[in-house]
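The values are calculated or read from the model by the stated rules, or taken from the named source; none is laboratory data. None of the values given here were measured: they were computed from a predicted structure. For neighbour counting, all protein chains shown are included, and Cβ atoms are generated from backbone atoms with ideal geometry for every residue, glycine included. In case anyone asks, the SASA skips ligands and DNA or RNA and just uses the protein heavy atoms, side chains included. Shrake-Rupley method; radii C 1.70, N 1.55, O 1.52, S 1.80 Å.
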Amino acid sequence: VEIRVGIGLIGCGTVGSSVAEQLLLANAEIEKRTGVRFALRRIAVRSMRAERAAWIPQALLTDDARSVADDPEIDLLVECAGSGLNAADIVERAISRSAHVITANKELIATQGPRLAALAAAYRVTLSYEAAACGAIPIVRVLKDALAGDEVVSIAGVMNGTTTSILHAMEQGTEYAAALAQSQRMGYAESDPANDVEGFDAAHKLALLMQLAFGAPVLSTQIGCAGITGITPTCIARASELGYRLRLIAAAKRSSGGLRAEVHPALIKADHPFARTRGPENVVRVVTRNAGALTFSGKGAGGSATASAVLGDIVGAMKVIGGREVKRNGAHAGGAFASSASIAAYFDDRMRLSDSAEYPVWAEN
Ligand SMILES: NC(=O)c1ccc[n+]([C@@H]2O[C@H](COP(=O)([O-])OP(=O)(O)OC[C@H]3O[C@@H](n4cnc5c(N)ncnc54)[C@H](OP(=O)(O)O)[C@@H]3O)[C@@H](O)[C@H]2O)c1
């Protein structure tokens, strides 16, 4: 039986245009892999006047995202717009008429993920967001599927490419402002750079990963957060003299007292994988009770790298729609934490160096 899946795309910027390119130009290849026929039916954008790639058919474009979410011909909604629209409204509308949803929007999941996951479960549709945390690194799948039979003890890493780019460029002698502008030009920075440099972007990713790792409805608003704007060339030079580099670390663990989590710049020994990050590379270290320590690294940002994760979710959802796979929603089991549990600061008890005391020293436990 031929199944034809209608796809609606919201957003056609850095990530969305790369997704559209694959869906339009590699259509036959994807159909071969999924065994499901599909069509990209609509693409919602903010401005109908903005210039688009020549291969985007004008007839698919609309500036009415709601009409795409409500379109009965669309079985799978792919949200790649981010902060320019009320993503929760769009996603809820689609789920509430039993459409499957994929989103790259970390803020949406970090602030409303538990509620949206419950809604998706009630309507028996998939809600997938592999691209929302650490771009191309398949860390969501790892936590949701591969480690589902284990117990995650801690999760930590370098999860924001903009701050890494800035700190690395400052290590080479570039000024802060020039380093930020360079990251924006490369398409790694969020549209509002405050999100990156103040640590909010990393906090969103950490909350999303904690939801999966600990089965707890953690929201990013519960996570203490310090950014990199106070880091001066002197701090960087001092760290280097002592054999350390500064990176923005997002870290969480469970202990007998409950959950601890924080986003904070930390001093890391120069030969550690966290310290060796450059540009958009993210590194995530997961420690579990049985598997021990696992480290994942790869491109955390950029159009095609992030689109690769979105496409993986699209293929997965199409297999579910085509009846070739059962839906696998839901977080890691074993979450025995109350929803209102407060989250203690992660770095409180960490060692400080007397001459660089404002930053904790990263230690592996
Ligand atoms: N960039 C990355 O490396 C990366 C990595 C991981 C996750 N993400 C996430 O992916 C999402 C998209 O990021 P991006 O970098 O691709 O953003 P972007 O380049 O700014 O693109 C945003 C797109 O959304 C459209 N849009 C904005 N408001 C809209 C509205 N009200 N209705 C319809 N369309 C609207 C814009 O339309 P116009 O084209 O008309 O302006 C644009 O096409 C965000 O949630 C981001 O956090 C991005």
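D for the stretch 1-114, whole µm²/s, Stokes-Einstein with Kirkwood Rh over alpha-carbon pairs at 10 °C and 1.306 mPa s: what number?
Here the translational diffusion coefficient equals 111 µm²/s.
How much FRET efficiency would the formula 1/(1 + (r/R0)^6) give for Ala50 and Leu25, where r is the Cβ-Cβ distance and R0 is 22 Å, rounded to 0.05?
In this case the efficiency is close to 0.60.
Treat the stretch 121-171 as a sphere of radius equal to its Kirkwood radius over Cα pairs and apply Stokes-Einstein at 4 °C in a medium of 1.567 mPa s; give the translational diffusion coefficient in µm²/s, rounded to a whole number.
Details: Rh = 13.6 Å.
Result for D is 95 µm²/s.
Angle, helix 176-185 long axis vs. longest principal axis of the chain, Cα atoms, 0 to 90°, nearest 10?
Taking the Cα atoms of the chain, the angle to 176-185 is about 20 degrees.
Taking N as the number of residues in the stretch 163-289, what is its alpha-carbon radius of gyration divided by 2.2 N^0.38 Å? Show your work: numbers first, answer last.
Details: Rg = 15.0 Å, N = 127, 2.2 N^0.38 = 13.9 Å.
Against the empirical 2.2 N^0.38 Å value, I get 1.08 for the stretch 163-289.
For the chain, with every protein chain kept in place, what is the accessible area per residue (1.4 Å probe, Å²)? Each step should come with its number before you reach the end.
On the way: 15290 Å² over 365 residues.
Roughly 42 Å² per residue, with all protein chains present.
Any chance you could get the radius of gyration and Dmax over the Cα atoms of the stretch 24-65, in Å?
Cα-based Rg and Dmax for the stretch 24-65 come out at 12.6, 36 Å.
For helix 200-214, report the angle its Cα long axis makes with the longest principal axis of the Cα atoms of the chain; keep it between 0 and 90° and round to the nearest 10°.
80
Under a GNM of the chain (C-alpha, springs under 10 Å), which listed residue has the highest mean-square fluctuation: Asp349, Asp75, Asp313?
Most flexible of the set in this elastic network: Asp349.
Can you tell me the relative contact order of the chain? Whole percent, Cα pairs under 8 Å, sequence separation 6 or more.
It comes to 20 percent, rounded to a whole number.
Taking a quarter of the surface of the Cα convex hull of the stretch 67-163, what do you get in nm²? Numbers along the way, then the final one.
Numbers: hull surface 29.2 nm².
Hull-based average projected area comes out at 7.3 nm².
Roughly to the nearest percent, how much of the accessible area of the stretch 112-160 is carbon and sulfur, given a 1.4 Å probe? Display every interim value, and only then the final one.
Details: 900 of 1610 Å².
In the stretch 112-160, the share of accessible area belonging to carbon and sulfur is 56 percent.
Per 0.36 nm of contour for each residue apart, how much would the distance between Arg352 and Gln172 grow if the chain were fully extended, relative to their Cα-Cα spacing?
Extra length available between Arg352 and Gln172 comes to 62.3 nm.
How tilted is helix 303-321 with respect to the longest principal axis of the chain? Cα atoms for both, answer in degrees (0 to 90, nearest 10).
Between the helix axis and the principal axis of the chain, the angle is about 50 degrees.
Ranked from the most accessible area to the least, with a 1.4 Å probe and all protein chains present, what is the order of Val315, Val158? Intermediate values should be presented prior to the final figure.
Values: Val315 25, Val158 0 Å².
Result of the area sort, largest leading: Val315, Val158.
Using a 1.4 Å probe over the heavy atoms of the protein chains, calculate the carbon and sulfur portion of the accessible area of the stretch 217-311 as a whole percent.
51
So what is log10(I(q)/I(0)) for the stretch 151-204 at q = 0.20, 0.21, 0.28 1/Å, when the Debye sum runs over its Cα atoms only?
Values, matching the q order: -0.67, -0.72, -1.11.
Give the Rg/Rh ratio for the stretch 227-328, taking Rg as the radius of gyration of the Cα atoms and Rh as the Kirkwood radius, to two decimals.
1.10
Dimensions of the chain along principal axes (Cα, Å, largest first)?
67, 46, 33 Å, listed from the longest principal axis down.
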